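The values are calculated or read from the model by the stated rules, or taken from the named source; none is laboratory data. The model shown is predicted, which means the values in this text are computed figures rather than measured ones. Positions of Cβ are generated from backbone atoms using ideal geometry, with glycine treated the same way; all protein chains shown enter the neighbour counts.
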Amino acid sequence: MLRSTSGTTRAVLVCFTILLSVVFVLPTQSRHFFQKIGQPFAQILAVPIQALARLDKGVRDIWQGYIALHVVYENNQHLKEEIQELRRENSELRERATSSERLAELLAFKETVLFQTIAAQVIGRDASNWYRGVVLNKGEQDGVTAEMGVILPAGVVGRVVKTTTSTAMVLLVTDPHNAITGLIQRTRDEGIIEGMPHGRLRMKYLPLLSSIEVGDRVVTSGLTGEFPKGLMIGTITRVDKVEGELFQSAEILPDVDLSRLEEVLVITSVMVPADRKAGTLPNSNGIDQQGSP
Amino acid sequence: MNALMWILVVLAVVSVQVTLLHYVAIGDIRPDLCVALTSLMGFLRGERIGLLFGMGIGFAQDLASTGEVWLNMLTQGAVGLVSGLVGRRLARTTVLFFIGLVMSLSILSGMLFFFSGRGIGSLADVGLMLRSVLLPQAAYDSVIAAGLYWLLVSRIGITGEMDNRHVGKANVLSAE
């Protein structure tokens with residue numbers, strides 16, 4: 001026998017329908033409303049997430065550091081860090097060389113790459129498969145706000161899109177909803193870099209006459225606020241030039257392995273020379289790092 | 001279950017979804033525990049509980065996601081509602097039917113995401129999205145949901161509150 005819908009169920013259904021209509025009719029207002037009421041819940045949710053992340057890290061550390069070949073793992077980590085550092089240094093040197101050849105005033109490039117960062121630990125992945133995102137263990141109380149850039153020494157990771165008091169949600173550079181401005185190091189052509197569904201990047205709006213090639217390195221152009229100029233993004237793996245199109249595009253393999261993120265740096269401010277005079281001196285890499293992950 | 005227990009379940013499931021599920025990812029696709037559990041809740045407890053549980057877990061999921069704050073709340077609510085309606089109106093069903101239902105609901109929630117303009121890519125990417133995300137995730141979700149069904153209904157003996165069911169008997173549900 002089928003039961004008829006009860007009064008309470010009907011009322012719940014009516015409320016759901018009204019909510020649905022409100023969300024579609026007033027999307028911006030509803031977003032603000034839900035974000036506002038979600039803040040305290042997000043803080044509560046952060047507690048079990050951070051606890052599980054700590055447990056996960058503890059188990060992983062024990063496994064990797066002690067059970068699975070203690071010395072080999074440490075050597076490997078050390079070499080990986082060294083490779084990343086050398087790649088970053090190489091990229092910076094290339095960038096400086098190209099810049100100095102092109103224009104004398106760009107010898108002040110060093111000043112353009114000065115920025116302050118805060119180290120953060122990746123404690124989780126986006127709760128759905130529809131976005132490529134990660135959750136960081138640093139939030140508003142640590143000075144992290146939306147639209148800040150997130151990097152590794154090897155290159156660009158993504159951009160902070162949402163924050164709570166103690167966590168931050170980062171949309172990875174490979175997400176199709178993310179777009180940053182990039183620059184091809186060799187040809188100096190600029191374009192917009194977007195994520196692709198299969199985890200690579202696409203650089204769009206490149207001039208048709210540009211001589212870009214597979215293997216060219218792509219860096220941030222510094223035109224948008226969240227990333228300073230010259231940070232590595234990736235290497236071109238394919239060039240698409242379609243007849244009749246006004247622009248050509250290129251596929252890029254990101255330099256950072258975004259599936260294995262553990263610690264990242266959040267760019268909290270891009271410094272100008274005045275900041276430097278004020279006494280906040282960066283380290284030898286041009287990166288002034290604060291805090292522990 | 002009282003309200004506190006529901007809240008604890010939601011917090012636990014979303015925390016596991018965010019922190020641990022990447023270990024069981026196959027080809028970058030993780031199962032959506034929230035879809036699996038919401039479908040099961042709706043199926044066992046009816047459309048009202050399904051809808052409310054779905055909205056609650058979806059809201060928590062949104063808080064730990066880079067997307068809009070209401071998107072999962074509405075899609076998961078819809079999943080719980082449809083699951084409850086289907087479950088209540090069927091006289092006789094099997095676990096295989098339940099697996100099919102969860103697959104359909106997972107695809108439905110994915111399509112809602114996509115057509116709300118916030119899913120992966122543009123309309124031209126529908127095929128790619130279906131192949132690369134929707135179908136694998138739906139298959140994965142249905143396996144998880146079937147596992148949960150087996151655990152909760154057949155092993156632990158949770159039968160749900162719907163009086164037209166006699167669950168737990170050799171994968172067959174009966175209705176009056």
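Listed by first and then second residue, the pairs linking a residue in segment A:247-261 that is more than 19 Å from A:G215 (Cβ to Cβ) to a residue that is of a type in the set (S, T, Y) and not in a strand (DSSP E or B), with Cβ atoms under 8 Å apart and 6 or more places separating them unless they lie on different chains, are A:L258/A:T174. Determine, yes or no, whether A:E105 is modelled with pLDDT of 85 or more and not aliphatic (A, V, I, L, M). Considered against the rule, which asks whether it is modelled with pLDDT of 85 or more and not aliphatic (A, V, I, L, M), A:E105 comes out as no. Taking the stated definitions as given, is A:L209 without any contact (Cβ under 8 Å) to a residue 24 or more places away in the chain and within 26 Å of A:A97 (Cα to Cα)? When the stated conditions are applied, A:L209 passes them.
Here segment A:166-191 is the region considered, the condition is being within 12 Å of chain B (Cβ to nearest Cβ) and outside any strand (DSSP E or B), and the residue that is nearest to A:E263 (Cα to Cα) is A:T167.
Only one residue in A:K138, A:K162 is more than 9 Å from chain B (Cβ to nearest Cβ) and either under 30 Å from A:E213 (Cα atoms) or touching a strand residue (DSSP E or B) at 6+ places or on another chain (Cβ under 9 Å) (or both). Which one? It is A:K138. Taking segment B:16-43 as the range and being without any contact (Cβ under 8 Å) to a residue 24 or more places away in the chain and buried (at least 24 other Cβ atoms within 10 Å of the Cβ) as the test, only B:T19 passes. All of B:L90, B:L51, B:L74, B:L96 fail the test of being of a type outside the set (D, E), at pLDDT below 90 and closer than 13 Å to A:L19 by Cβ, apart from B:L74. The number of residues in segment A:18-36 being modelled with pLDDT under 85, within 17 Å of B:L52 (Cβ to Cβ) and more than 7 Å from chain B (Cβ to nearest Cβ) comes to 1. For segment A:233-268, residues that are part of a strand (DSSP E or B), within 30 Å of A:Q64 (Cβ to Cβ) and in contact with a Pro (Cβ under 9 Å, 6 or more places away or on another chain) total 7. For segment A:145-159, the tally of residues that are within 14 Å of chain B (Cβ to nearest Cβ) and crowded, with 21+ Cβ neighbours inside 10 Å stands at 5. Within segment B:44-86, which residues are under 20 Å from B:M103 (Cβ atoms), surrounded by fewer than 24 Cβ atoms within 10 Å (Cβ to Cβ) and β-branched (V, I, T)? If the condition is that a residue be under 20 Å from B:M103 (Cβ atoms), surrounded by fewer than 24 Cβ atoms within 10 Å (Cβ to Cβ) and β-branched (V, I, T), then B:V82, B:V86 are the ones that fit. Criterion first (surrounded by fewer than 22 Cβ atoms within 10 Å (Cβ to Cβ) and touching a Lys or Arg at 6+ places or on another chain (Cβ under 6 Å)) does A:S259 satisfy it? Taking the combined requirement at face value, the residue does not satisfy it. The set of residues in segment B:37-59 that are closer than 29 Å to A:L136 by Cβ and either more than 8 Å from every other protein chain (Cβ to nearest Cβ) or touching a Leu at 6+ places or on another chain (Cβ under 6 Å) (or both) comprises B:L37, B:T38, B:F53, B:G54, B:G56, B:I57, B:G58. On the stretch given as segment B:112-130, residues that are more than 9 Å from chain A (Cβ to nearest Cβ), at pLDDT 75 or above and within 20 Å of the chain's Cα centre (by Cα) total 2.
Looking only at residues that are closer than 18 Å to A:V156 by Cβ and of a type in the set (A, V, I, L, M) in segment A:207-241, which one is surrounded by the fewest Cβ atoms within 10 Å (Cβ to Cβ)?
This residue is A:L223.
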